[in-house]
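The values are calculated or read from the model by the stated rules, or taken from the named source; none is laboratory data. The model shown is predicted, which means the values in this text are computed figures rather than measured ones. So basically every Cβ, Gly included, is an ideal-geometry build from the backbone, and we count neighbours across all protein chains shown. Surface areas here come from the heavy atoms of the whole protein model, side chains and all, with no ligands, DNA or RNA. Shrake-Rupley method; radii C 1.70, N 1.55, O 1.52, S 1.80 Å.
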Amino acid sequence: MKLDLDALSHARSLLFVPGDRPELFDRAVDSGADAVVIDLEDAVAPERKTAAREAARAWLGRGGPAVVRVNPAGTEGFGADIGAVAGLAAAVVLPKCESPAGIGRVHAEARCPVPVIPLVETAAGLVNAESLCRAEGVVRAALGTVDLATELGVEPDDEEALRYARSRLVLASAAAGLPGPVDGVTTDLRDPVRVRGDSRRARRLGLYAKLCVHPLQVPVVNDVMTPTAAEITWAREVTGRAGGGVFVVDGRMTDAPVVARANRVLDRSRRFTEGNTRG
């Protein structure tokens, strides 16, 4: 099965699974996550890295559709990670991504263009967010909140402390013509209320996906990131009445930019709802 890059660029949920736990790969796909991320970095102990690479390559070779988080460019294991997935239908999540040069190293090691999701999780990466989003092969940007918060000396769950980081990545993505970026993880694995609140905050700021670390988080994230029935009704009314110029819907001025936003809502609804809209 070939990885669908268009679907990846519009995915709502990206679920991490440890690379050295191949028995979980198919279960991760069955979780309902829009994308599965086989993790060769933080989730794998150093002595298990080789086994993780072999498991990832074997599963991808059998047609498993996945994204692979490799070790950061320039670190031990990076070249072996890229070599393990090169030539297979996989995109790469590049952690600690700080410059387009790091993304270029992915292509160089693979000896071919590779779809890349830069994981922005350092101050330097955030400062360079615009150039990262415009780099060759980038399909979408993601925010690594835990590592970034550690570097900044703030709590990763502090909404205000990381608001600027989220907004900056949203702006950089939009300026580069990329879809809304992917928000970082909620570390509380089993609290759906917390996951829902974090997802709603992300969506309000323009992040239209979220990294997940447990299958129980996936349906909550998917629900929040899917247009509601009310949003779809509004979008249909706007596009149905659009004919150029300014008009009024529900007492509000509506013009070309509003119509464009309504069309984006309908596009997302067609991708994800198929008649199963939430209220």
**OP:** State which stretch of the chain is the longest one without any exposed trypsin sites (Lys or Arg not before Pro), exposure meaning a DSSP loop state and at most 13 other Cβ atoms within 10 Å.
**Re:** 191-279
**OP:** Mind pulling up the Rg/Rh value for the chain? Radius of gyration and Kirkwood radius, both on Cα.
**Re:** 0.98
Original post:
Against the longest principal axis of the chain, how steep is helix 49-61, in degrees 0 to 90 to the nearest 10, with axes from Cα atoms?
Top reply: 60
Subject >> Kirkwood Rh and Cα Rg combined as Rg/Rh, segment 169-279 >> reply: 1.02
Subject >> Angle in degrees between helix 163-175 and the longest Cα principal axis of the chain, rounded to the nearest 10 >> reply: 80
**OP:** Tell me what the chain gives for mean residue ellipticity at 222 nm when only DSSP H runs of n ≥ 4 count, each as -39,500 (n - 2.57), the sum divided by the residue total, rounded to 500 deg cm²/dmol.
**Re:** -13000 deg cm²/dmol
Original post:
Taking H as built 1.01 Å from N, whose amide H comes closer than 5 Å to the amide H of D34, not counting residues under 5 places away?
Top reply: R12, S13
Original post:
Helix 229-241 versus the longest principal axis of the chain: what angle, 0 to 90°, nearest 10, using Cα atoms?
Top reply: 60
Original post:
Exactly which GluC sites (Glu not before Pro) in segment 171-279 are in a DSSP loop and have at most 11 other Cβ atoms within 10 Å?
Top reply: E274
Subject >> Mean shadow area of segment 56-205 over all directions, Cα convex hull, nm² >> reply: 9.2
Original post:
Along segment 219-226, what does the Karplus equation 6.51 cos²θ - 1.76 cosθ + 1.60 (θ = phi - 60°) give for ³J(HN,Hα), rounded to whole Hz, x for Gly and Pro?
Top reply: x, 5, 4, 4, 5, 5, 7, 9
Subject >> Residue-normalised accessible area of segment 3-150, given per residue in Å² at a 1.4 Å probe >> reply: 38
Original post:
S167 accessible area, nearest 10 Å², 1.4 Å probe?
Top reply: 40
Subject >> Carbon + sulfur, % of accessible area of the chain - ligands and nucleic acids excluded, 1.4 Å >> reply: 52
**OP:** Among A11, L40, T233, flag the residue with its Cα farthest along the positive direction of the charge dipole of the chain, charges on Cβ as +1 for Lys/Arg and -1 for Asp/Glu.
**Re:** T233
